[in-house]
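Shown next, in structure tokens, is the structure this report addresses.
The values are calculated or read from the model by the stated rules, or taken from the named source; none is laboratory data. Predicted model, so just to flag it, every value in this text is computed and none were measured. Glycine gets a Cβ as well: all are built from the backbone with ideal geometry, and neighbour counts include every protein chain shown.
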Amino acid sequence: MRGTWQKSYNVNYMQFLKKIIVYILTIESRLIIKKYKPFIIAVTGSVGKTTTKDAIFSALSSSGFVRKSEKSLNSEFGLPLTIIGVPTAWRSISGWITNIKQGALLILKRVDYPKILVLEIGADHPGDIKKVVAWLRPDIAVITKVGDTPVHVEFFKSPAQVFEEKSALAHAVKPGGTAVLFADEPKIIALGEELKQKGIAVVTFGFDTNATIQGSEYTPMYVENNGQKLPVGFSFKLLNTTVSIKKVIGQAFVYPILAAVAVGQSRGMQIDEIIKNIATYEASKGRMNIIAGIRGSTLIDDTYNSSPDAVYSALETLKGLECNGKKIVVLGDMMELGSYSVEEHRAIGKMIPAIATLLVTVGPRARAIGQEALACGMSSDNVSFYSSAIEAGEYLSTRVAQGDIILVKGSQSIRMERITKALMADPSRASELLVRQEKEWLEKK
């Protein structure tokens, strides 16, 4: 009884302490924004927020002192940390005190502060974005894809409520500001019409022929190795120019680049300068990264996180690749889907037989993917179910052969990067290439 009470006390104490720290950091952030008046570019959506933020940062890299949200720091903690320019202190009280002191220093002294902030803003609960834009008004708001069953829908009444929350960022643009919107989704185009009525400039990006910044002719790139074609990246057309991106794969990566071009042009940059800057763009870890696998295989590491739209996109990418061996799909649970969980996992399972030779699922929710794949005709010899990523990695290490392409994807709590590490040709590069390799993550079970 005493142990239960003590545990409850510790949890309540940490939650209280968290609220105090967030409150102080937010107050400091508001004062810093008021003092230095940086140009603010804020990015939200359900798919591609981080890659879009990173691409925008690359595009603006020649525009002076630019700072972006690190990794996927987009929460109530992450936003102030980016504005102040300090790392997360995890569970270190002294670390958080140091961060608070740094915020105070920026307020009390005048230092060299970024001219442009590129901020990623997430929404896990209703009101998250509305709470932020009450004090953080962007000069440019970027809305990426918001699917019909977006990630983090668990705490919202409906996907429509999620879209309303994301839209709040665009409605909060400063007078004379710009909304940069995903053009391949009708509801976002409708949002653009609403914004125009409010006098907000609207620029769209996508493959739609009506997009302001339009991409076309997405094409995977390969290299020849011992008579086999191995994927190494992709190219696409932008304003009659061929843009080539290496080390990642998937049409979904075109959208962040198009959004970055839209932002750059809205800032008055020339297209040649933007494209030159984007040549330095490297996708974040765990997002459709191409990594050499054991026995001459190729890994597509998409292990940062997962949602229905992101899985569909990854599967379509795998489907379109040339392959000399097996196409292997390894999928973990998709979290935070609430009442949509079973149907969304099953919907993915329906796609698998037409794409993969071998399917491995990890976690209780992902079992529905495998069950549906079996129901749709996939052989039981080619479908395996595991409760942990470590077990799945051990199994796959016995099945992977030369020429195979292995897609690995799942929500971050399933730790699918452990599978990628088990299948890497050079696992000593894990800290360089994979997500969640920090000490704090590696110590978690």
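Among the residues in region 226-236, are any farther than 27 Å from Glu164 by Cα, in contact with an Asp or Glu (Cβ under 7 Å, 6 or more places away or on another chain), outside any loop (DSSP other than H, G, I, E, B) and at pLDDT 95 or above? Break it down stepwise before answering.
Kept after step one, since they are farther than 27 Å from Glu164 by Cα, are these residues of region 226-236: 226-236.
Restricting the remaining residues to those that are in contact with an Asp or Glu (Cβ under 7 Å, 6 or more places away or on another chain) gives 229, 236.
After this cut, where a residue has to be outside any loop (DSSP other than H, G, I, E, B) as well, the list is 229, 236.
Pick out the ones that are also at pLDDT 95 or above and you get 236.
Looking for residues that are farther than 27 Å from Glu164 by Cα, in contact with an Asp or Glu (Cβ under 7 Å, 6 or more places away or on another chain), outside any loop (DSSP other than H, G, I, E, B) and at pLDDT 95 or above, one finds at least one in region 226-236, hence yes.
For every residue, the table says whether it meets (1) under 19 Å from Leu358 (Cβ atoms); (2) of a type in the set (Gly, Ala, Ser).
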position	(1), (2)
Thr280	no, no
Ala310	no, yes
Ala314	yes, yes
Gly320	yes, yes
Val330	yes, no
Glu344	no, no
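Please find, within region 157-183, the residue that is farthest from Ser411 (Cα to Cα) out of those that are of a type outside the set (A, V, I, L, M) and touching a residue at least 60 places away in the same chain (Cβ under 8 Å).
Going through region 157-183, the residues of a type outside the set (A, V, I, L, M) turn out to be 157-159, 161, 163-167, 171, 174-178, 182.
Filter once more, so that each one left must be touching a residue at least 60 places away in the same chain (Cβ under 8 Å): 166, 178, 182.
Numbers: Lys166: 21, Thr178: 32, Phe182: 24 Å.
Here the answer is Thr178.
Has region 208-218 got at least one residue that is part of a strand (DSSP E or B) and either in the same structural domain as Gly320 (by TED's automatic domain parsing) or loosely packed, with under 15 Cβ neighbours inside 10 Å (or both)?
Going residue by residue through region 208-218, those that are part of a strand (DSSP E or B) are 213-218.
Those still in the list that are either in the same structural domain as Gly320 (by TED's automatic domain parsing) or loosely packed, with under 15 Cβ neighbours inside 10 Å (or both) too: 216-217.
Checking region 208-218: at least one residue is part of a strand (DSSP E or B) and either in the same structural domain as Gly320 (by TED's automatic domain parsing) or loosely packed, with under 15 Cβ neighbours inside 10 Å (or both).
Could you grab the pairs with beta carbons closer than 7 Å, sequence gap of 6+ or different chains, first residue in region 415-428 and of a type in the set (Lys, Arg), second one assigned to a loop (DSSP other than H, G, I, E, B) and crowded, with 21+ Cβ neighbours inside 10 Å?
Lys421/Leu434
Give the residue, chosen from Ala373, Ala392, that is in a helix (DSSP H, G or I), under 27 Å from the mean Cα position of the chain (by Cα) and without any contact (Cβ under 8 Å) to a residue 40 or more places away in the chain. So that I can check it myself, show each step before the final result.
Values: Ala392 fails: without any contact (Cβ under 8 Å) to a residue 40 or more places away in the chain.
None of the others qualify; the one that does is Ala373.
Take Ser266 and decide whether it is surrounded by fewer than 17 Cβ atoms within 10 Å (Cβ to Cβ) and not assigned by TED's automatic domain parsing to the domain that holds Leu315. Explain how you work it out, then say what you get.
Working: surrounded by fewer than 17 Cβ atoms within 10 Å (Cβ to Cβ): no; not assigned by TED's automatic domain parsing to the domain that holds Leu315: yes.
No: the conditions fail for Ser266.
So, in region 236-262, how many residues would count as being surrounded by 16 or more Cβ atoms within 10 Å (Cβ to Cβ) and either touching a Phe, Trp or Tyr at 6+ places or on another chain (Cβ under 9 Å) or in the same structural domain as Leu299 (by TED's automatic domain parsing) (or both)? Walk me through how you get there before you give the answer.
Narrowing region 236-262 to residues surrounded by 16 or more Cβ atoms within 10 Å (Cβ to Cβ): 236, 238, 243, 245, 248-262.
From what's left, either touching a Phe, Trp or Tyr at 6+ places or on another chain (Cβ under 9 Å) or in the same structural domain as Leu299 (by TED's automatic domain parsing) (or both): 236, 243, 245, 248-251, 253-262.
Selection size over region 236-262: 17.
Can you work out which of the residues in region 398-439 that are in contact with a Lys or Arg (Cβ under 8 Å, 6 or more places away or on another chain) and in a helix (DSSP H, G or I) is surrounded by the fewest Cβ atoms within 10 Å (Cβ to Cβ)?
Applying the filter and picking the extreme gives Pro427.
Could you say whether any residue in region 148-155 is of a type in the set (S, T, N, Q), assigned to a loop (DSSP other than H, G, I, E, B), at pLDDT 95 or above and surrounded by 19 or more Cβ atoms within 10 Å (Cβ to Cβ)?
Going through region 148-155, the residues of a type in the set (S, T, N, Q) turn out to be 149.
From what's left, assigned to a loop (DSSP other than H, G, I, E, B): 149.
So of that shortlist, the ones also at pLDDT 95 or above come out as none.
The answer is no, given that none of the residues of region 148-155 is of a type in the set (S, T, N, Q), assigned to a loop (DSSP other than H, G, I, E, B), at pLDDT 95 or above and surrounded by 19 or more Cβ atoms within 10 Å (Cβ to Cβ).
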